[in-house]
1. Conditions first: (1) in a helix (DSSP H, G or I); (2) open to solvent by 80 Å² or more (accessible area, probe 1.4 Å). Lys67 passes all but one, so which condition is the exception?
2. For the condition more than 12 Å from the ligand (Cβ to nearest atom) and modelled with pLDDT of 95 or more, what is the one hit in Leu185, Leu221, Leu235, Leu231?
3. Select from region 290-304 the residues that are more than 13 Å from the ligand (Cβ to nearest atom) and part of a loop (DSSP other than H, G, I, E, B) and write down the one among them that is farthest from Val265 (Cα to Cα).
4. Filter region 234-263 down to the residues that are farther than 27 Å from Glu300 by Cα and assigned to a strand (DSSP E or B) and list them by number.
5. Only one of Gly180, Gly233 is without any contact (Cβ under 8 Å) to a residue 60 or more places away in the chain and buried (at least 17 other Cβ atoms within 10 Å of the Cβ). Can you tell me which?
6. All but one of (1) part of a strand (DSSP E or B); (2) open to solvent by 40 Å² or more (accessible area, probe 1.4 Å) hold for Val222; which doesn't?
7. In region 118-134, what residues are surrounded by 13 or more Cβ atoms within 10 Å (Cβ to Cβ) and either in a loop (DSSP other than H, G, I, E, B) or of a type in the set (Ser, Thr, Tyr) (or both)?
8. For the list (1) more than 12 Å from the ligand (Cβ to nearest atom); (2) small (Gly, Ala, Ser); (3) in contact with a Lys or Arg (Cβ under 8 Å, 6 or more places away or on another chain), I need the number of the one condition that Ser175 fails.
Amino acid sequence: MEWQFDKIEKEAQAELEAVNGQGGLEAFRIKYLGRKGIVQEIFSSLGSVSAEEKPRVGKQANDLRNKLASILEEKTLQLRAETSKETQYTLDHSLPGVAPSIGHAHILSQTIDEICSLFEKLGFTVQDGPEIETEFNNFTALNIPIDHPSRDSFDTFYLEAEDRSNKGRYLLLRSHTSPGQVRILKQFPPPLAVIIPGKVYRPDAVDASHSFMFHQIEGLLVDRDVKFSDLKGLLTVFCQRLFGKDIKMRFRPHFFPFTEPSAEVDISCYICKGKGCSVCGRKGWLEIMGSGMVHPKVFEAAGYPKGKYTGLAFGLGVERITMLKYGINDIRIFFENDKRFLEQF
Ligand code: DAH
């Protein structure tokens, strides 16, 4: 058979010209230079060529193979250069990069940090207590009587009995941070001044102002001769630093089993300056925290000598303060992880 070497070469050249990717190069190689390709077919047919023709046809076949191999290599290099040029142009170094989104402390953590650092400047240290507490620390040591409604399982999440053989010793999710007072009194000798921030739990139905979990900050200061005037002075300084110098304070008599006397602390509404508005419910005052002088029964439960020390205590709700400060009207929004809300702070 007579091979048309020129024709094969021209066709191959034209075909290769049209190739524009890696796949095309490989298909070309298989078709012409592969084990079952055209060049191989020509070499296989040499056996049937006459002896005098063989050298000429053999040389033509060799030339064709070399030619095809060299134009394939050329094309490969050319395509490689083009793609690297393209990537050079698509990478525009002057464009701004993709900024990674950086998180920040949650608004409740920011409020806790702010309050803690205000008290630290006043000489307090920050401590924490466990969220799983004993019934003793959460109630009994705080002089909360056995029939007090807050002990009811409608108001406290009980876990299993700590000691099944000893009825009544239950573990629970602390319903306030006040049990931290008992732990601190047992752990550190007076004089002491601590604040204890943390999560507390109550089985309340969730609505705009209730959550089954929220945050409180407890304060406790114990020394000889701590007076109610110390409590008033301390909390006045704190509230003025948090809400502004212009606010007025009101200490309203109240009852807490673990303090005597006790007071609820109000500040004049910083929105309407006491005139009455929707934030303060037209009252002109905002309730901020509970407070009082540590009850002798609490000292007794912690093993203190009778009458030697006095102390002041207070407890405030972090969500409430944050809501007042920023005009937030639904507690649930703190816990929904909605970035549109979280990013505002
Ligand atoms: N534990 C109280 C509550 O959850 C708040 C409180 C009131 C804490 C008076 C105190 C205090 O330390 O003296 O409602």
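The values are calculated or read from the model by the stated rules, or taken from the named source; none is laboratory data. Computed from a prediction, not measured in an experiment: that's the story for all the values here. When we count neighbours, we look across all protein chains shown, and the Cβ atoms used for this are built from the backbone with ideal geometry, even at glycine. When the accessible area is computed, the model is the full protein with side chains, heavy atoms only, and any ligands, DNA or RNA have been set aside. Shrake-Rupley method; radii C 1.70, N 1.55, O 1.52, S 1.80 Å.
1. In the conditions (1) in a helix (DSSP H, G or I); (2) open to solvent by 80 Å² or more (accessible area, probe 1.4 Å), Lys67 misses (2) alone.
2. It is Leu185.
3. Out of the qualifying residues, it is Gly303.
4. Those that are farther than 27 Å from Glu300 by Cα and assigned to a strand (DSSP E or B): Met249, Arg250.
5. Gly180
6. Going through (1) part of a strand (DSSP E or B); (2) open to solvent by 40 Å² or more (accessible area, probe 1.4 Å) one by one, Val222 breaks only (2).
7. Residues satisfying the conditions are Leu122, Phe124, Thr125, Gln127, Asp128, Gly129, Pro130, Glu131, Thr134.
8. (1)
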